[in-house]
Amino acid sequence: MTSALIIGQPNVGKTSFLINFAYYLGIRKLRFMIRQPAGFVSTRTYELEQAYDELTSDKPHKTNNIQSIQLKLPVGKQDKDIRLVDSCGLVDEIHPQEYIRKSMAQTLKELMLSEIVLHIIDLNQLSSNQNLTRIDQEIYDFLKDESGYKILANKLDLDIDKSNLEKLSKIVDKRLLIPISAIYQEGFDKIKLFLLENI
């Protein structure tokens with residue numbers, strides 16, 4: 001089964017995107033497969049609101065493992081299966097907590113195994129000096145020539161971020177950009193089409 005990894009810094013909307021994209025596809029119960037950095041695997045099923053309450057937070061590193069759901073993308077009379085994978089946020093510096101460092105290492109290992117990578121950048125966090133953060137730049141440089149790579153420019157629903165979107169389109173190849181609002185499901189049609197093209 002094709003894996004699509006959601007990657008990016010902490011608090012850019014990775015988990016919110018996963019939950020809302022599943023909802024956009026008509027899923028109301030989310031069955032997660034959770035893989036801890038130590039290798040232990042468990043499953044957990046959430047109602048939609050419960051998933052929001054328990055899996056998202058304003059604090060960084062709420063997601064500190066690999067958690068994935070299996071989705072069916074409708075194509076004509078048949079469906080295509082895809083594994084959508086949420087991951088621990090990556091940061092520039094060495095994190096002081098060992099568990100978070102192991103979770104980041106787990107994210108990087110998953111990156112090497114994924115056929116599709118959805119790199120979420122929070123438009124609200126785009127620096128004023130018109131550069132990506134070091135970690136976002138490294139992800140972009142590593143993946144920009146891969147067919148399964150897209151940048152999801154998130155939080156398009158905030159007014160300030162429309163000007164930041166213009167800024168971002170000058171920093172990266174604009175053909176790789178899909179502007180989205182993870183909360184309001186803007187841009188999800190384009191993401192679905194991109195996923196179908198790469199399964």
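Do we find a residue being touching a His at 6+ places or on another chain (Cβ under 7 Å), surrounded by 14 or more Cβ atoms within 10 Å (Cβ to Cβ) and in contact (Cβ under 8 Å) with a residue 60 or more places away in the chain anywhere in region 8-18? Lay out the reasoning, then the answer.
Residues of region 8-18 touching a His at 6+ places or on another chain (Cβ under 7 Å): 8, 10.
Now drop any that are not surrounded by 14 or more Cβ atoms within 10 Å (Cβ to Cβ), which leaves 8, 10.
Applying the additional criterion that residues be in contact (Cβ under 8 Å) with a residue 60 or more places away in the chain yields 8, 10.
Yes.
I need the full set of residues from region 137-160 which are under 19 Å from S181 (Cα atoms) and either in contact with a Gly (Cβ under 8 Å, 6 or more places away or on another chain) or open to solvent by less than 80 Å² (accessible area, probe 1.4 Å) (or both), in order please.
First, the residues of region 137-160 that are under 19 Å from S181 (Cα atoms): 149-160.
Scanning region 137-160 gives Y149, K150, I151, L152, A153, N154, K155, L156, D157, L158.
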query: Restricting region 174-193 to residues that are outside any helix (DSSP H, G or I) and open to solvent by less than 50 Å² (accessible area, probe 1.4 Å), which is nearest to K14 (Cα to Cα)?
result: A182
task: Among the candidates L196, L118, L152, single out the residue that is not in a strand (DSSP E or B) and not charged (D, E, K, R).
output: L196
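Take E93 and decide whether it is open to solvent by 20 Å² or more (accessible area, probe 1.4 Å) and under 18 Å from K62 (Cβ atoms). So that I can check it myself, show each step before the final result.
Numbers: open to solvent by 20 Å² or more (accessible area, probe 1.4 Å): yes; under 18 Å from K62 (Cβ atoms): no.
Spelling it out, it is not the case that E93 is open to solvent by 20 Å² or more (accessible area, probe 1.4 Å) and under 18 Å from K62 (Cβ atoms).
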query: Which pairs do you get when a residue that is farther than 22 Å from K109 by Cβ and in contact (Cβ under 8 Å) with a residue 40 or more places away in the chain, found in region 61-89, comes within reach of a residue that is among the acidic types (D, E) and surrounded by fewer than 17 Cβ atoms within 10 Å (Cβ to Cβ), reach meaning Cβ atoms under 7 angstrom, with the pair 6+ apart or on two chains?
result: K72/D79; K72/D81; L73/D79
task: Could you check Q50 against (1) touching a helix residue (DSSP H, G or I) at 6+ places or on another chain (Cβ under 7 Å); (2) part of a helix (DSSP H, G or I); (3) at pLDDT 90 or above and say which number it fails?
output: (1)
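The values are calculated or read from the model by the stated rules, or taken from the named source; none is laboratory data. Keep in mind the model is a prediction, meaning the values are calculated, not measured. A quick note on method: Cβ atoms are made from the backbone with ideal geometry, for glycine too, and the neighbour counts reach across all protein chains shown. Just so you know, the surface numbers come from the protein's heavy atoms only, side chains and all, with ligands and any DNA or RNA stripped out. Shrake-Rupley method; radii C 1.70, N 1.55, O 1.52, S 1.80 Å.
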